[in-house]
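These notes are about the structure you will find just below.
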Amino acid sequence: MQIEKITRKGYSASLSKDQLWEIYKSMKTQRLLEDRLLKMYKGGQLSGAVYPGIGQEASMAGIAAGMNEKDIFGGTHRDLGVQIKKGVTLKEIALNFFGKHDGPSKGRDGNSHFGVVDKGTLMVVSPLPDSAPVAVGWALASQQSGSGVVAVANCGEGATATGTWHESINMAGVLNLPVVFTVQNNQFAYSSPNETEFGTPNVADRAAGYGIPAKIIDGNDIYEVIDVMHEACESAREGNGPSLIELVTFRHYGHAGHDPAEYVNEEVRDFWMKRDPIARFEDSLVEEGLFSTEQFVSLAEDLEAEIREALEWAKTQDDPDPINEVEDMFADRTTPTISNDESDTKTMNYIEAITNGLDELMENDENVFMMGEDIGVFEGAFKATKGLFNKYGPFRVIDTSISEGGFTGAAVGAALAGKKPIVELQFYDFVYPALDQITTEAAKYYWKAGKSVPMVVRGPTGAGTRSGPFHSISPESLLAHHPGIRVVAPSNPYDAKGLLVAAVNDPNPVMYLEHKKLYRKPDLKMEVPLGLYEVEIGKGKVVRQGTDITLVTWSGMVPVANEAAEVLSKENISVEVIDIRTIVPLDEEIILSSVEKTSNLCILQEDVPFSSIASEISSVVAEKGFWNLDNPILKVTPPNTHIPFAPVLEDAFIPSVEKVVKALKELQ
Amino acid sequence: MSQIVTMPQLGETVTEGTILRWLVKVGDEVKEDDPILEISTDKVDTEVPSPFNGTVSNLLVEEGETVEVGASLLELDGDKTNTNDTPLKEEPKEETNEENVQDTSPKVAEVQNHNISKTPNEKQNLKLSPVVRKLASEHNIDIEKVQGTGKDGRIKRQDIEKIISSGQGMISTEKIAEQPPQEKEKEMLTKESSNNISRLRKRIAENMIISKQTSAHVMTSIEVDFENIEIVRAKHKAKFKEENGFSLTYLPFISLATVSALREYPVVNSSFDLENGLHEIHNHINLGIAVDLNQQGLLVGTLQEADSFNLKGIARKISETSKLLRDGKYGLDDVSGSTFTISNNGSFNSFLTSPIINQPNVAILSTESVKKRPVVVQAQDGSDSIAIRHTGILSITWDHRVFDGSVALLFLNFIKERLENADWSQELD
């Protein structure tokens, strides 16, 4: 077969014989490893899946070879070649394929779904290209700190149809971030050809829409890939912003081991087989007189043996122990709790306490920064960031495009890079487009990749402002259902600042829920300590002592609960009000010990009732406090509907003092 | 004193019954043994006699309702002279007033005491919360002495705590009173599921399905030469009809031969309970005969102790039982306790039938039509010739869980041998 020739021109021409051998070796390793894995998979020796990138070795090795060692790569399940060139070992890969305890994902995800962050590869997840915003966030951190790190956000052409990719590349363009977007266009998204994926002739044509440069290159020409990648990375490193590289290539096999790829016609296959990246590389190396065919054969034999040995070894390694699963959901905090004698105070309302907390956190730690819509010059829709843009500037109080998924994902990347990002959602209703990043990336990073993600997502929740169904949700149960994230919901200025400080200092993702009706509630002003202090996450508080009924609530319902308790005290019914303050982790102890005293429990919430926090608390008490109950557990909640606009409807939706009083009287 | 008449258990396997018709109404005076209602069960439709004297104060179920055995049916304001304050069933015999002794037949309705009016101890009807139960138990509180101050007089935690702190009431060592059963009788009354299916059809349907699900049905058959019987029958037919008022069919012959076969192969005359590991070989032979109710259903009449009959006796018994069943005038004994069943399909001109076993039998015999057919017969000199003879098939469905094909065929061959070779004329002369 006639081989298409390749020649060294740019940066690749400066590479030494040893450097070229290392690149060749990584390509050959990928091919032989994936070939072996495919055979094992088809022979029933391997569970899960294999996603061979055979045929794309030049794209993968070339991307990695064009990057610096400290540069970060966010890719897909078909990027083992990049991982190998970045230094991930055969043993690490083998352990992951067998789901072993010491593997990169500790058995929590299989096959090529892993990253080794310390070696510069981000965690691989199945929804693609979900690591793109994470890479963008890492680049953001790099831009802030001047670390010179470039992030590469890689995916196949199919994933470029997603909003996630669009938001990522758009944000990177707007913020001029050091990101290189690479797209390995291997002709098929699983089975779907380019025509069904995008309307432009090329993926790269879309770069114009983001105001960034782009190139289309031969992804099977190792030299061209190295040259263009190197150029793009260095340009980004110098502050010239992101670029897009479309690497046109071809995978020899199907999407996965089970896919015979019958959708590829023979003509196409023949065209690409003449451009086999390894054959072209070998041909060029022989032509240049650098290496001989015998050396290639000898290397292949050595690698084959090494691969077999690594796989056999991995099989014998320890399996993960199910006992560690729950413990490993959250990273332990290693920094001490911030102490404050609280002697210096100032009267603040709820939102002032939040702004004060943000200000002091940013002043105290330059790694703390904020992202969100209209939070900079405009100082936020509710003015929570008042004065902060002027004080800390556009690199720490970042006005983002309308890209909740994009900037929430970017917070994950920035947190991994050592920052403490605080994301503001203009309304917590807009968490829905960000949920993929929160649950796929933020919530799973520590569990699956062993890297903690200290980030806070804050914003206004709750109804009562005549804002209708899209500016009023109480999202606590929606969020709390996902393992791996903390959820806090303060009800007063003191707790608001204290929990914010604790959230920013927590090594895990914290969803910080503010209630917009409390922001400027006149009677909620109180003395708030100046200087940092913390309210411990996971600890509730008895806000009113009582003996007859335990009323558990949080956030905007705490004032309602207190008022109802006051009404009932005049009828000699003594209500104990507990503000749980944190939803996850739930302070079960404070609820159970109060029920032990009162024997009656009512849970009051603004969230809708079905499958909610009230249901969860009810379940906890039914399980662990059953023998202390003197009445069935009551829930006071809105009806199971959306939040309506018309004042008469909204007022009927939100639990009122009268409704709570009436319900509690039932507990006699 | 109010007393309650409950749904009787008419037969061991009966679990429920349907109220067909009330024969009394509220205010009626009834005397012991007066019929008060008609019920229908799996086994029988029958009248229920009143177990005691009294005035009907309440009918607790409606006509058409199906209720479980033991469910309350009717409330009587009892006659002091004829009733007792405690349930008769639990009353020790020696203390029972002779006058109050009811018919002790187990098929008569049970009587039980029932507090229709509020008893002094209303707290028994109150729900006790978990914490009240716990505290009462921990402190040995006599719950009946606690005054409830909660909603509708409910005993609250505070009420118990008051007792504990006062040191009173901690005298009971009895268990906390169990919550009385909810008024579930009413709720458990289930309506007839469809008006289009008769009770009898429903019963048949259920029994058929249960049988199919229980036994491993296998059918086998054999050809029988009835020529000798036909000769005897032809000879005695007219006289028999004249003397007895009904025709002499093949069935009594087959029945008698079957009884003999059952005595020879007792395993065919048995019941088999796999679940409990019990296989009961019956020492009496109660022969079931399937009786078609003029195409309105099927009942199995029982010839109790069938091995005590001769040919005439069994012929008469079959005829009588069939008539009782068709006229709906049968008693429980006429339809229960069969140990083996014959289904007389030949009377409807069948060729071959595979009947379903009548549980808890382990086999069922089907008679098929007897017809004149060409048969190869051997003369004494050994030569073959074709003769016209009355022949018919006998088939048997048996439960392969209990025995195997050899037994079934030995059993059939025994019957065949008897039918073909017994001296039947002796039975009739």
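The values are calculated or read from the model by the stated rules, or taken from the named source; none is laboratory data. Note that the structure is predicted; figures quoted are calculated from it, not measured. All Cβ positions, glycine included, derive from the backbone under ideal geometry; neighbour counts span all protein chains shown.
Some notes on this structure:
- Scanning the stretch B:394-429 for residues being farther than 24 Å from residue B:211 by Cα and in contact with an Asp or Glu (Cβ under 7 Å, 6 or more places away or on another chain) gives a total of 2.
- Residue tally, condition in a helix (DSSP H, G or I) and either within 13 Å of residue A:435 (Cβ to Cβ) or not aromatic (Phe, Trp, Tyr) (or both), over the stretch A:477-506: 16
- Qualifying residue in the stretch A:487-498 (condition: over 22 Å from residue A:330 (Cα atoms), among the hydrophobic types (A, V, I, L, M, F, W, C) and either touching a strand residue (DSSP E or B) at 6+ places or on another chain (Cβ under 9 Å) or surrounded by fewer than 23 Cβ atoms within 10 Å (Cβ to Cβ) (or both)): yes
- Taken over the stretch A:377-405, the criterion of being outside any loop (DSSP other than H, G, I, E, B) and surrounded by fewer than 17 Cβ atoms within 10 Å (Cβ to Cβ) is satisfied by A:390, A:391.
- The residue of the stretch A:652-668 that is nearest to the other protein chains (Cβ to nearest Cβ), among those that are in a loop (DSSP other than H, G, I, E, B) and over 13 Å from residue A:602 (Cβ atoms), is A:656.
Let's see how each residue does on (1) more than 23 Å from residue B:321 (Cβ to Cβ); (2) aromatic (Phe, Trp, Tyr); (3) touching a residue at least 40 places away in the same chain (Cβ under 8 Å):
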site	(1), (2), (3)
B:197	yes, no, no
B:207	no, no, yes
B:215	yes, no, yes
B:220	yes, no, yes
B:256	no, no, yes
B:266	yes, no, no
B:271	no, no, yes
B:274	yes, no, yes
B:279	yes, no, yes
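- Any hit, the stretch A:604-613, residues being in a helix (DSSP H, G or I) and either more than 14 Å from chain B (Cβ to nearest Cβ) or within 33 Å of the chain's Cα centre (by Cα) (or both): yes
- Condition met for residue B:400 (surrounded by fewer than 21 Cβ atoms within 10 Å (Cβ to Cβ), touching a helix residue (DSSP H, G or I) at 6+ places or on another chain (Cβ under 6 Å) and in contact (Cβ under 8 Å) with a residue 12 or more places away in the chain): no
- Test: residue A:250 is under 25 Å from residue A:8 (Cα atoms) and in a loop (DSSP other than H, G, I, E, B): yes
- Exactly one residue out of B:186, B:151 is more than 14 Å from every other protein chain (Cβ to nearest Cβ), surrounded by fewer than 14 Cβ atoms within 10 Å (Cβ to Cβ) and either at positive phi or at pLDDT below 85 (or both), and it is B:186.
- Condition check for residue A:362: aliphatic (A, V, I, L, M), out of contact with any Phe, Trp or Tyr (no Cβ under 6 Å at 6 or more places or on another chain) and at pLDDT 95 or above: no
- Qualifying strands (runs of 3 or more DSSP E) (wholly inside the stretch B:277-322; at least 1 residues being under 22 Å from residue B:44 (Cα atoms)): B:287-292, B:298-303
- Evaluation of residue A:235 against the conditions (1) under 27 Å from residue A:166 (Cβ atoms); (2) touching a residue at least 60 places away in the same chain (Cβ under 8 Å) shows that the sole unmet condition is (2).
- Yes/no for residue A:548 being within 14 Å of chain B (Cβ to nearest Cβ) and surrounded by 18 or more Cβ atoms within 10 Å (Cβ to Cβ): yes
This table checks each residue for (1) of a type outside the set (Lys, Arg); (2) surrounded by fewer than 17 Cβ atoms within 10 Å (Cβ to Cβ); (3) within 33 Å of the chain's Cα centre (by Cα); (4) within 20 Å of residue A:151 (Cβ to Cβ).
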| residue | (1), (2), (3), (4) |
| --- | --- |
| A:244 | yes, no, yes, yes |
| A:255 | yes, no, yes, no |
| A:264 | yes, no, no, no |
| A:278 | yes, no, no, no |
| A:284 | yes, no, no, no |
| A:288 | yes, yes, no, no |
| A:297 | yes, yes, no, no |
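Residues checked against (1) at pLDDT below 95; (2) within 14 Å of chain B (Cβ to nearest Cβ); (3) closer than 23 Å to residue A:491 by Cα; (4) not in a helix (DSSP H, G or I):
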site	(1), (2), (3), (4)
A:560	no, no, yes, no
A:567	no, no, yes, no
A:639	no, no, yes, yes
A:648	no, no, no, no
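- Within the stretch A:75-194, helices (runs of 4 or more DSSP H) holding 1 or more residues that are surrounded by fewer than 21 Cβ atoms within 10 Å (Cβ to Cβ): A:90-97, A:131-145, A:163-175
- Selection of first residues in the stretch A:621-632 that are facing another protein chain (nearest Cβ under 9 Å) and of second residues that are polar (S, T, N, Q) and crowded, with 22+ Cβ neighbours inside 10 Å, restricted to Cβ pairs under 7 Å at least 6 apart or on distinct chains, gives the following pairs, ordered by first then second residue: A:628/A:599; A:629/A:599; A:629/B:129; A:630/A:599; A:630/A:600; A:630/B:129; A:631/A:600; A:631/B:129.
- Selection from the stretch A:1-51 of residues that are of a type in the set (Ser, Thr, Tyr) and surrounded by fewer than 16 Cβ atoms within 10 Å (Cβ to Cβ): A:7, A:14, A:16, A:47
- The C-beta contact set for the stretch A:126-139 (first residue of a type in the set (Ser, Thr, Tyr), second residue part of a helix (DSSP H, G or I), distance under 8 angstrom, 6+ apart or interchain) comprises A:131/A:441.
- For the stretch A:571-592, the set of residues classified as more than 14 Å from chain B (Cβ to nearest Cβ) and of a type outside the set (D, E, K, R) consists of A:575, A:577, A:578, A:580, A:582, A:583, A:584, A:585, A:586, A:590, A:591, listed by residue number.
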